[in-house]
Amino acid sequence: MTQLTGGATNEVAHVPAFDNKETNFYYEDEVHFTLSQIFYDCAMLFFNWLYHIFFREVKVRSAFNIPTKGPALLVCAPHANQFVDPSLLMLQVKKASGRNVSFLVAAAYYRKKFIGFMSRLAGAIPVERAQDMLNYVEGEIKFENFENDPCIIIGKGTHFKKNFTPKGLIGLPSTSANAQILEIIDDTKLILKKPFKSEKATNLLKNFTKFKYAPKIDNSQVFQKVFDHLHRRGLIGIFPEGGSHDRTELLPIKPGVAIMALGAVAAEPSCEIKIVPCGMNYFHPNKFRSRAVVEFGTPMVVTAKDGEYYKENPREAVSALMDQITNALKTVTVTCPDYETLMTIQAARRLYSYPKRKQIPLPLVVEMNRRLAIGYVTFKDDPRIIQLTKNVNEYNKKLEQLGIKDHQLESLSKTNFINTFVLLIQRLISLSIFALLSLPGTILFSPVFIAAKIISKRKAKEALANSVVKIRGTDVLATWKLMVAMAFAPILYIIYSIIGTIIILDHPESFWFLSNTVNKLFIFINNYLILVATTYSAFKIGEVGMDIFKSIKPLILSLGPSQEQLINLKQERKKLSLEVTELCNNLGPKVFPDFDKFYQKGLELFDEQELENNDEAPLKKSASSVSLNSGMSEGSTSLSRVNSVKNLSDVPIFSDSSRFVLDGTPDVTKRSVDDVVEGVSTGLDTDGKISLNKRIRDRFIEKSKEQNFADSDDDDDDDDDEE
């Protein structure tokens, strides 16, 4: 650790020790075959099987941006799906680059049996969080005088001076609210750094109440583990938002990730660190057989020059790098101020008229949502946008009243009554056949479905009660559904297999095709495999049947009294589509100079599969230096706390939920949209180098303009409709 002098008084550059004798057989081993590697590969095989069943489709964009060797940090957001996020990312990185990722995980989860076991297999690094260490202590506390100063707390039967320390955490019963201690006056009086914000906490502290305390967390050991991994040329994964959440915007990002990269480079100048932004984009993340898009952005390279700048000006270096990381994350994620805005943007994307295109690939859906979100934020005060938003919301309400989706209304053709009736009968017959075929597996697996639904909802309520950032707690649903299924399904199949074995042995005349010499164990294993195959077949068949089921209601409505209403609504959709398209075409070029190419030519030429197969751009061309001393944006309020950090043990790695304001938007999302547009709209990185979007657009122009795309009733757009 280096103490700076001169003009940088009291500023500390956190430079770790570096042992150049250390080697890493875990990450880049081409000769040695270690036990850790075997465990990791086994975990990846398990996750591959698990997510093949849970997800209907997982698309990966720009996987070539993952460094195939050398130290790197994978910075991921939003953290919307608890343990599914890191495990899915590890699997996709392994498939794309063959590398192992060590994620930072909350130590509270690391200590749990199953999650801890899987985390150790995956080489995770545990991180203590103060809120996880809160425990009830002796005495009671209250405000001294709430009106005059809500930060002054007095105690009864307490020993603040003896047992507490500054920067420790105070928590309250029956609420997730907590506050950090700024100063301890004596055994019965202390001062908080910031007052409790929630109304429930305020009401509790107006009278004496029991309370919890957590000591200050020392993160220096965690940082050293990360430094060691990077110096061994490893790949570290981190969700800088901290815990998972179900909000539509990013939570404030902590400076720990920047210090990890800068500290490692400062300690060993030859150890250039690549920081890869990664966006997790789900369509109904908590639902079985949903879809996901994982996107890797252009890497930023932290060089020896940046390390020297960090030693001289740690505050400015960390803030500048955090600005670039935040802006990079915005280019691979879709963020909106609130859920209603997200629904409006998704509706506008469906209404936009694409030239010569009926269905667009899933990754492009995400890219268009992102661009529309940026455009909406830029022009949200424009009277035309305000009126169009109102019209789109009214259209969505009419669809909801009829109980249909936008793509279902669009698919209704102008066929006569007879043709529509015949089509309805055909689909009802098909639906009956698929229902019968999937019925056995569905019945067999139904106890698992029921248990998973009940337990996951209960866990979501618990998570919501213990968090100040969650809205509904849906971010934990998928994790608990999978965990319950993994625990119950094998037990259920064993019970079924035992019952089946007993029946076969007790009624040999009914199973004449089995020899009397057949081993009982063989019969049991055979039963187990048949049950698994039956259930899996039911999943696949039921998936097709569900697609048919979704198309039934629009057909019924088109035959009944609502037929005229559907016709009028379809006309309204056509008019609204023209308005959306005209406004986007008018305002789009003002935000995105490449608008005409991307929307009018790119969409009809886009072939995601071919693009992924041909995209082998060298990493050197896609990586850009972070240029830390080039300046940073003003108003980065989420980074203001870097200014006061003087010790590595105090640097936050995960976001502290106590600092998140429920009634407001996280600081990191309040920045000007110009910061994002500058990086994604011009086709150039901040240092002037050609970016990924520019290379993609160039490929579009080279492709053939004559491509046919299959049209289906199960449009991908259905996945981003409201649940």
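We did not get these values from a lab; they are worked out from the coordinates using the rules stated. The model shown is predicted, which means the values in this text are computed figures rather than measured ones. Glycine also receives a Cβ, built like all others from the backbone with ideal geometry; neighbour counts cover every protein chain displayed.
PRE reach from Arg111 (point 7 Å along Cα→Cβ): which of the range 130-157 fall under 16 Å by backbone N?
The answer is 130-137.
Defining a contact as two alpha carbons under 8 Å apart and six or more residues distant in sequence, what relative contact order in percent does the range 84-234 show? Walk me through the numbers before you get to the answer.
Working: 257 pairs, mean separation 34.6, N = 151.
Once normalised by length, the contact order is 23 percent.
Rounded to the nearest Å, what's the spacing between the alpha carbon centres of the range 317-382 and the range 107-157? Just the number, please.
36 Å
Each label point is 7 Å from the Cα along the Cα-to-Cβ direction; what then is the distance between the points at Thr202 and Leu559, in nm?
5.9 nm
Using amide H atoms built in the peptide plane, which far-off residues or other-chain residues are under 5 Å from Lys193 H to H?
The answer is Gln180, Ile181, Leu182.
Is the range 417-554 best put as rounded, prolate or oblate by its Cα gyration tensor, with a ≥ b ≥ c the root eigenvalues, rounded for a/c under 1.5, and otherwise prolate when a/b is larger than b/c, oblate when not? Intermediate results must be reported in sequence, preceding the final value.
On the way: a/c = 4.02, a/b = 1.19, b/c = 3.38.
Oblate, because a/c is 1.5 or more while a/b does not exceed b/c.
With bins 10 Å wide starting at 0, give me the P(r) of the range 81-154 over every alpha carbon pair, in whole percents.
Spelled out per bin, shortest first, that is 16, 31, 19, 15, 13, 6.
Using the Cα gyration tensor of the range 431-509, with a ≥ b ≥ c the square roots of its eigenvalues, what is the shape: rounded (a/c below 1.5), prolate (a/b larger than b/c) or oblate (neither)?
Working: a/c = 5.18, a/b = 2.14, b/c = 2.42.
It is oblate, given that a/c is not under 1.5 and a/b is not larger than b/c.
Please identify the trypsin sites (Lys or Arg not before Pro) of the range 385-490 that satisfy two criteria: DSSP loop assignment and at most 10 other Cβ atoms within 10 Å. Which are they?
Working: sites: Lys390, Lys397, Lys398, Lys405, Lys414, Arg427, Lys453, Lys457, Arg458, Lys459, Lys461, Lys470, Arg472, Lys481; in loops: Lys405, Lys414, Lys470, Arg472.
Passing sites in the range 385-490 are Lys414.
With the contact rule set at Cα under 8 Å and sequence spacing of 6 or more, what percent relative contact order holds for the range 417-554? Before the final figure, lay out each step's value.
On the way: 98 pairs, mean separation 54.7, N = 138.
Computed over the range 417-554, the figure is 40 percent.
So how far, in whole Å, is the C-alpha centre of the range 394-471 from the one of the range 197-234?
When both Cα centres are located, 42 Å separates them.
Using a cut-off of under 13 Å, list every residue of the range 124-139 whose amide N is near the label point 7 Å from the Cα of Lys167 along the Cα-to-beta-carbon line.
130
In debye, nearest 20, what is the charge dipole magnitude of the range 457-503 about its Cα centre with +1 on Lys and Arg Cβ and -1 on Asp and Glu Cβ, if you could check?
Its charge dipole is roughly 240 debye.
Give the peptides 252-264, 218-230 in descending order of average Cβ contacts within 10 Å, highest first.
Numbers: 252-264: 26.8, 218-230: 20.0.
For the peptides 252-264, 218-230, the packing ranking is 252-264, 218-230.
Indicate the gyration tensor shape class of the range 131-214 (rounded, prolate or oblate), computed on the Cα atoms with a ≥ b ≥ c the square roots of the eigenvalues: a/c under 1.5 is rounded; otherwise a/b larger than b/c is prolate and the rest oblate.
Numbers: a/c = 1.32, a/b = 1.10, b/c = 1.20.
Note, shape of the range 131-214 comes out rounded.
Provide the gained length on full extension for the span Asn466 to Glu147, in nm with one decimal, where the gain is 0.36 nm per separating residue minus the Cα-Cα distance.
Values: separation 319, 0.36 × 319 = 114.84 nm, distance 2.74 nm.
My answer for the length gained is 112.1 nm.
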